[in-house]
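Read the structure below first, then the notes.
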Amino acid sequence: MPSEADLYAPVKRFLERQGYDVKGEVRGCDLVARRGEEPLVIVELKLRFNLALVLQGVERLALSDAVYLAVPRRVGNRREAASPDDRTVRKLCRRLGLGLMTVNPAAPIDRAVEIVLDPLPYRPRQNKRRAALLLGEHARRVGDHNTGGVRGVRIVTAYRQEALRCAQLLEGGGMRVRAMRATGRVPNVGKILIDDVYGWFRRVERGVYELSPNGRQALESYAHVLDLPRVVPKHANRLA
């Protein structure tokens, strides 16, 4: 197992062969290199890729845009908790704008250092479809009935709220789909009744639905979620 100091010489030689003037331990930086009037290159050396190294690299970004994290190249089948070969490690460095290199002190000079990733400004490509779905879900929800960060509980989604409104309309008995749609409470009522994701509805005949026992139980369980008072709407299309 090499020490951090064992990583310095190979990296120094690697950069010097490219025309850099390299110095070690400059104001807390493990290695600082300069070539002409180009920006400084800073390299932080660690024996393994970990959070401390990432935080150190992020701190150095205040000094230069060309910051590399250097860790040993592991030989054989040994697996590290976080390997520079891992896709997630490279993705993290890319997002932070950090470069990544591996070092094998025992390898020949021309193969002792491998650049895994160069530091480049990260510009994430926005997923417009997912962003639109997120915006739509936020807009359709009424109130805030979920606690952020909780686990193992059912999330009150916009779809669940709309299904609950359908159940509320059917609480007084069977009802025609067109009459439910006419209330304006659930624009996509037809799809919700047909899909019946939660098993809350029961088809009586074509175009007519009623509430199942599960649906009645849902109205009790989610009474706090309903955004309107629980009243049975009055209109001529309610089935006798």
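Computed from the coordinates by the stated procedures, all read-outs in this text should not be read as laboratory data. The structure presented is a predicted model; accordingly, all values stated were derived computationally and were not measured. No Cβ is skipped: glycine too gets one built from the backbone with ideal geometry, and neighbour counts run over all protein chains shown.
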Toy charge model, Lys and Arg Cβ at +1, Asp and Glu Cβ at -1: the stretch 4-117 dipole around Cα centroid in debye, rounded to 20, equals 400
Fewest-first ordering of 44, 205 by Cβ atoms within 10 Å yields 205, 44
Value of [θ]222 nm, deg cm²/dmol, for the chain, DSSP H segments ≥ 4, -39500 (n - 2.57) each, nearest 500: -10000 deg cm²/dmol
With charges only on Cβ, +1 for K and R and -1 for D and E, what is the dipole size of the chain about its Cα centre, in debye, rounded to 20? 1320
Please report, in Å, the Rg and the Dmax of the chain, where both are computed over Cα atoms only. 30.8, 91
For the charge dipole of the stretch 135-221, defined by +1 on Lys and Arg C-beta atoms and -1 on Asp and Glu C-beta atoms about the Cα centroid, which residue among 145, 217, 199 has the Cα displaced farthest towards the positive pole? 199
State to the nearest 20 debye the size of the charge dipole of the stretch 132-175 about its Cα centre, where the only charges are +1 on K and R beta carbons and -1 on D and E beta carbons. 140
Least to most buried among 115, 192, 155, by other C-beta atoms within 10 Å and fewest first, runs 155, 115, 192
Listed here are the pairs 12/46; 46/91; 128/191; which of them are more than 21 Å apart at the Cα? 128/191
When 71, 204, 103 are arranged by how many other beta-carbons sit within 10 Å of their Cβ, fewest first, they go 204, 103, 71
Counting DSSP beta bridges in the chain, what percent are antiparallel, to the nearest 5? 65
Of the residues 135, 98, 36, the Cα lying farthest along the dipole of the chain towards its positive end, which is defined by charges on the beta carbon of Lys, Arg, Asp and Glu, belongs to 135
